[in-house]
Structures are given as C-alpha cells and as structure tokens.
Amino acid sequence: MASSAGSIPSRHPLLPPAVTPVLAEARTRVAAGPAWPSFTGTAQLVGTSADGVTVYVDPSLGQPALQNAEDLLADADRVVQANNTIFNITGEPVDVIVFALGGNTDGTGGADHNGCTFTDGNAIEVDASFGNSVRVSALFEAELSECAMNGQLCGYSTGEALSRWCAAVVGSNALSDFATAPVWVQDGTANWVDQTQPTDQGSDSTGCGMAFLSWVLSQGHSLAEVAQAMVALGDSGTLAQLYGQVTGNPATAAWSQFTAAINALPGGVTSDDPFNALTAIGTSPTTPG
C-alpha cells in the first residue's frame, strides 16, 4: 500500500516501466498459509525444495501455471544457492506463489513482497509466465535478493537496481523487457549517481543505476563483489561511493567518468546492460564482467 510522504513503502513490487502495482485492501491469510502481499484466493501447495523454498500456485489458472510452479520448485535451490553466493549469506526459508499478478500470465505482472528481510519479506508473489518458466525464476530472484540485503537498500533506487541485476544474472536476462535504463536516457539522464532516491519505483533512478552497474561490472568486477559492497554502504550509500570502493578511484569522478562512457556508446542505451557486462558474466555471480 502507499506510504506516508518520505517513508519507505511496505511493499516492494518489481514491475516493467509505467506499470502501476495492483493493491489489495486486505492481506488475507489463506487456509493458514502465508500472508501474501495481494493474493487473496486459495493457494495450492506444490512442494518444498531442499533449501526451504515452499512453492504454491493459484489452481484456477490450470496446467500452464502449475507447470510454472513445478519448474520453479525444480529450479529453486539453484536460485537460492546463487543468491547466497552473491550476498555471502546463508538464506532462510521463503514461500512463493505463482499466480496472475495484475491479471497477467506472461511475466509482465512482475513480483512483490512486503518487507526487506527474510522475516518480513519471505512471502513472495511472482507472476505466472505461461510457457516461459525462466521468467518466473528471474522474478523470484529479484525479490529473494532483496531479502538478502540485510535490511539495507530495499526500497531505495540503489537496491532496486541491484535486485534487477541479480535477476538478470541468475535468471539469464529473462526480464530484458523490464529495462529502465533507456527510460532514464529518454528523460534526460538525471544524476542518480551522486544521490540515492528513497523509492524503488522510480524508472529514472533505477535506470541510471542499471546502466551504472553495467559500467562498473564491465570493468572487471563480479556481481558478488558489487552486491556485498553495496550492502556494506547501506541505505545512505551512493553509486559514486560504490565506484570509489570497488575501483579505488575517487568517488567524485564517478559521474563524469560514467557520463563520458555513456556518451561514447556507439549505439546509445537500448537495454539495461549498455556496456555488455552480461556477455562476460553469463549466469555466474563470481565471474568478473
């Protein structure tokens, strides 16, 4: 739900640009199960993975959604282990439901959870993506990564960019249609390197963060290195400070060096990875870009 001015929202949805989250007036505990952020139907238990991911599905969606849920259950431990590597943690049990988030069944409904830790954010909603379960895994990682940030970054532009990069690496860039970096460029390339926006719903600040992390990663840094440095910097940390910490260069030079690199791109910014860091990283959290 919407929060008061200046506070961090209690929900943290992952959405494509220009999509408004669907809010539920009541968070209903269904059949003694998890208290989902918005789902109010009857959840069908699919199973629990070895690493403690319990997967549910909305049975009213039939076999295609069940297939998504079964595929997610089969992939869940890989996602958890990659997430643990990214943040150098041991994760905790979570619940996740596959349903038509926002009425969508192609993944564009995104994902959501209520909080920023494994305690208050462990009931995760992901949109069904009929016939394309890799998108469901990517959506799951986007929210799981926020639980792993130790109560930091989640709800801020820096944390949103980081969670989307986690989803891109762990989820084989299956959410490329969620790109916000081109929106940031179209809107005039505001400086969200020297300051952090206290929201995870700003396409410009998130897009700036996506492009910036692409640039930093492409300079020979791994996602695990970057993620752990960002968590250590905390909510007040800026992308400029991240640059200074991982490169050893002055943080004050980050914005000018970054914008020069953006302006030198021959094809401009057409994705969230304009510096092609994913080409080197692939799906490995510890491989330098």
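Quick test for you: out of ASN122, ASN114, pick the one residue that is in contact with a Lys or Arg (Cβ under 8 Å, 6 or more places away or on another chain) and either acidic (Asp, Glu) or open to solvent by 10 Å² or more (accessible area, probe 1.4 Å) (or both). Before you say what the answer is, go through the steps one by one.
Details: ASN122 fails: in contact with a Lys or Arg (Cβ under 8 Å, 6 or more places away or on another chain).
Result of the check over ASN122, ASN114: ASN114.
Against the condition among the small types (Gly, Ala, Ser), open to solvent by 30 Å² or more (accessible area, probe 1.4 Å), within 25 Å of VAL79 (Cβ to Cβ) and over 17 Å from the mean Cα position of the chain (by Cα), how does ALA280 come out, does it pass?
It is true that ALA280 is among the small types (Gly, Ala, Ser), open to solvent by 30 Å² or more (accessible area, probe 1.4 Å), within 25 Å of VAL79 (Cβ to Cβ) and over 17 Å from the mean Cα position of the chain (by Cα).
Please find, among GLY62, GLY131, GLY103, GLY91, the residue that is within 18 Å of the chain's Cα centre (by Cα) and either among the small types (Gly, Ala, Ser) or open to solvent by 50 Å² or more (accessible area, probe 1.4 Å) (or both).
Step by step, each of GLY62, GLY131, GLY103, GLY91 is checked, and only GLY91 is within 18 Å of the chain's Cα centre (by Cα) and either among the small types (Gly, Ala, Ser) or open to solvent by 50 Å² or more (accessible area, probe 1.4 Å) (or both).
To keep it simple, each residue is scored yes or no on (1) open to solvent by less than 50 Å² (accessible area, probe 1.4 Å); (2) in contact with a Ser or Thr (Cβ under 7 Å, 6 or more places away or on another chain); (3) polar (S, T, N, Q); (4) in contact (Cβ under 8 Å) with a residue 40 or more places away in the chain.
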| position | (1), (2), (3), (4) |
| --- | --- |
| CYS166 | yes, yes, no, yes |
| SER176 | no, yes, yes, yes |
| THR206 | yes, yes, yes, yes |
| SER214 | yes, no, yes, yes |
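Any residue in the stretch 198-212 that is at pLDDT 95 or above and under 14 Å from ILE86 (Cα atoms)?
No, the conditions are met nowhere in the stretch 198-212.
Hey, among the residues in the stretch 134-168 that are outside any helix (DSSP H, G or I) and under 20 Å from VAL53 (Cβ atoms), which one's farthest from the chain's Cα centre (by Cα)?
If we take residues in the stretch 134-168 being outside any helix (DSSP H, G or I) and under 20 Å from VAL53 (Cβ atoms), then ASN150 is farthest from the chain's Cα centre (by Cα).
Only residues that are hydrophobic (A, V, I, L, M, F, W, C) and either surrounded by fewer than 22 Cβ atoms within 10 Å (Cβ to Cβ) or more than 18 Å from the chain's Cα centre (by Cα) (or both): list them for the stretch 68-86, please.
Passing the criteria: ALA69, LEU73, ALA74.
Collect the residues in the stretch 252-277 that are of a type in the set (Ser, Thr, Tyr) and either assigned to a helix (DSSP H, G or I) or exposed (fewer than 13 other Cβ atoms within 10 Å of the Cβ) (or both), keeping them in residue-number order. Break it down into steps so the answer makes sense when it comes.
Step one: filter the stretch 252-277 for residues of a type in the set (Ser, Thr, Tyr), giving 252, 256, 259, 270-271.
Correct list: THR252, SER256, THR259, THR270.
Among the residues of the stretch 49-59, which ones are over 20 Å from the mean Cα position of the chain (by Cα) and of a type in the set (Val, Ile, Thr)?
Listed by number, the list holds a single entry, VAL57.
I'm trying to understand the selection: among the residues of the stretch 225-251, which are among the hydrophobic types (A, V, I, L, M, F, W, C), over 10 Å from LEU153 (Cα atoms) and buried (at least 19 other Cβ atoms within 10 Å of the Cβ)?
VAL226, ALA227, LEU239, ALA240, LEU242, VAL246, listed by residue number.
The values are calculated or read from the model by the stated rules, or taken from the named source; none is laboratory data. As the structure is a prediction and not an experimental result, all values here were calculated from the model. Cβ coordinates were reconstructed from backbone atoms using ideal geometry, including for glycine residues, and neighbour counts include every protein chain displayed. Remember, those area values only see protein heavy atoms, side chains included, never the ligands or the DNA or RNA. Shrake-Rupley method; radii C 1.70, N 1.55, O 1.52, S 1.80 Å.
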